[in-house]
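Values quoted throughout were computed directly from the atomic coordinates according to the rules given, and no laboratory measurement underlies them. In this text the structure is predicted, and so the values were computed from the model without any measurement. FYI the Cβ positions are ideal-geometry reconstructions off the backbone, even for glycines, and counts take in every protein chain you see.
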Amino acid sequence: MEKLGLKAIGIDSHAEEKDPKLWVKVDNGEFDIVYITPEMALDPAGHFYKNSHKNTKFKRNLVLVAIDECHLIWEWVGFRKKFELIGSLRMILSTTPCAVLSATLIPNVAGYIHTAVGLQFPTLRYNLNTRRANINLIVKSTDGKSFDDLYDLLPSAEDTQPIPKTIIFHDNIDRGCAMADEMVKRLPPFVSGVP
């Protein structure tokens, strides 16, 4: 952001501790971009909810509310309770345009997000193809006990070809970490760096 001449701040619970004058700076419009967690923005006892959204320089300069990874409103509603109240943010910032962004938004979740965020009709929706020539998607179900099919894709000790950039998603963090640990053990030394 600095290279673009923009002054940005990320506000979470620790930011207030680091800079006691943080909210004065925000309200005075000292930042071009303000990143704020839903918990900080929607805390009824918090400064943002009580003050910043009112007639401050920050509010007068506010041109967009962007909710990134908006599908998490649906996925995390039981995990992060403030996500249920995200529509309140739209109410207190009702004159400011809102953009909700996601690369993985399916139709039923999009409908839920539209209601939860308090978007108005008509809403502009852009569906861009995320398909890229240099990215291949392979979906493989497992029996939940073995990842041998995945491990079979690892190079052998004799293979010296570099592994292409790869991202593996797993829907269980503990099993995903165990899988990653096992993959590192099975990688040949020229890849893992472990003799």
Sorted peptide list for 38-47, 124-133, criterion being average Cβ within 10 angstrom, highest first
38-47, 124-133
Using modelled backbone amide H atoms (1.01 Å from N, in-plane), which distant-in-sequence or interchain residues come within less than 5 Å of V100's amide H?
I67
dims of the stretch 2-117, Cα set, principal axes, largest to smallest, nearest Å -> 41, 32, 25
Using label points projected 7 Å from each Cα along Cα→Cβ, tell me how many nm separate N108 and T37, to one decimal.
3.0
Per the Debye formula with a single identical scatterer at each Cα and no solvent contribution, what log10 I(q)/I(0) holds for the chain at q = 0.07, 0.08, 0.16 Å⁻¹?
-0.34, -0.44, -1.08
I need the Kirkwood Rh of the stretch 64-105: take the reciprocal of the average 1/r across all distinct C-alpha pairs and report it in angstrom.
10.8
Using the Cα centre as the reference, give the magnitude of the dipole from point charges on the C-beta atoms of the chain (Lys, Arg: +1; Asp, Glu: -1; all else neutral), rounded to the nearest 20 debye.
1000
Run the numbers for T123 and S13: contour at 0.36 nm per residue of separation, minus the present Cα-Cα distance, in nm.
36.3 nm
Rank by packing, highest mean first: peptides 63-72, 81-90, with packing defined as the count of other Cβ atoms within 10 Å averaged across residues.
81-90, 63-72
Using Cα atoms only, what is the angle between the long axis of helix 173-186 and the major principal axis of the chain, expressed in degrees (0 to 90) to the nearest 10?
40
